[in-house]
Amino acid sequence: MKLNALIDNGSDINVLQTDLWSKIQQNETTEQKNQLEVCQTTLRGFGGCSLIRPLGQVTLKTRIDGEEYQLVFIVIPNVSPEDKMIIGDPLRDQATILLGREEASVTRHGPVRVDHVRRIEVKPDEMQSLLRDVPEEFRQELQFLVKGYRPLSCEKPPVRKKSVLKDETPIWRHPAKLSPKEKSEVDAQIEEWLQAGVIVESTSEFASQVVVARKKDGRARVCINFKPLNKVIVKEHTPQAPIEDCLDEIADGVVYCGIDLKDGYFHIEVEEESRKYTSFVGFINQGVRFFNQ
């Protein structure tokens, strides 16, 4: 059965709408029929709907450009008259996808992937495990990139962060209640910031609380609760083009890239007269610091 599909490498899953799934079943023989399996995934935003509960999932042999692939499709109710079948990022585990203006070409690749860049976070004790899966000729280079990479340029941007308050009355908070484990995590983070020159000792009358949030993997994210301060800061107003105009400008693009800065807020210095507002207090024996960046 020949079908048209939308290839969307921004989608984490492959999607199949119900009416097309029914047609596929009608064209299958009794021996070929695939049964839906239970699917716990919940979809949001597809076809303008806020919440969609799939009917199930099914693995289908899918032939694309002459090559056969085993793809798992999430079967959903009919929510859009177009894009009945969407093939997403999972296809890139098996093939190289080249996108053109009118169509895409798909080529099966070998077991070594050098074209598909993935975000990886590696802890020191996981390095050896990671290297076992890497061809020997690339191991030394990968080890350097993960453990020894440093940016070649450390130029500072020409702008600085300036804060203007509606009311100069100092805003302060007592240190937040932290567990012994959280105190240790805050200590480690603050020491790292001190060594990097991001923060320095402060005698400011302003003092915001340190709070500890948890990342998805359970690690600590040390944050400063600036909510009370934000209420009296004069909002910055920077002219920005409507998002529709921005999308029109890139409409002819074929490949789109995104760059995520590590510790993005620390790339811009704080104006000297505004640094006192950024002061924070961790716990009673730790003192007060403010941000340089």
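The values are calculated or read from the model by the stated rules, or taken from the named source; none is laboratory data. Treat the numbers as computed from the prediction; the structure is a model and nothing was measured. All Cβ positions, even for glycine, are placed from backbone atoms using ideal geometry, and neighbour counts span all protein chains on display. What goes into the accessible areas is simple: the full protein's heavy atoms, side chains included, and nothing from ligands, DNA or RNA. Shrake-Rupley method; radii C 1.70, N 1.55, O 1.52, S 1.80 Å.
Some points to look at:
- Counting 0.36 nm for each residue step from residue 104 to residue 245 and taking away their Cα separation leaves a gain of 48.1 nm.
- Most tightly packed first, judged by the mean number of other beta-carbon atoms within 10 Å of their residues, the peptides 271-277, 87-93 read 87-93, 271-277.
- Relative packing of peptides 3-16, 178-191, 210-223 - highest average C-beta neighbours within 10 Å first: 3-16, 178-191, 210-223
- Taking label positions 7 Å along the Cα-Cβ direction at both residue 271 and residue 221, the computed distance is 2.9 nm, reported to one decimal.
- When all protein chains stay in place and ligands, DNA and RNA are ignored, the 1.4 Å accessible-area order of 1, 85, largest first, is 1, 85.
- Rounded accessible area of residue 266 (nearest 10 Å², 1.4 Å probe): 50 Å²
- In the assembled protein chains, residue 261 presents an accessible area of approximately 100 Å² (probe radius 1.4 Å).
- Low-density loop positions, GluC sites (Glu not before Pro), the range 60-109 - DSSP coil, at most 10 other Cβ in 10 Å: 82, 102, 103
- Inter-part distance where the range 255-283 and the range 152-221 are each reduced to a Cα centre, Å: 10 Å
- Potential extension, residue 211-residue 252 segment - 0.36 nm per residue separation minus Cα distance: 10.3 nm
- Spacing of the modelled spin labels on residue 155 and residue 96, each 7 Å from Cα toward Cβ, amounts to 3.4 nm.
- Peptides 21-28, 134-141, 158-165 ranked from most to least packed, by the mean per-residue count of other Cβ atoms within 10 Å: 21-28, 158-165, 134-141.
- The stretch between residue 181 and residue 168 holds 1.1 nm of extra length on full extension. This uses 0.36 nm per residue minus the Cα-Cα distance.
- Ligands, DNA and RNA aside, residue 256 has an accessible area near 130 Å² when probed at 1.4 Å.
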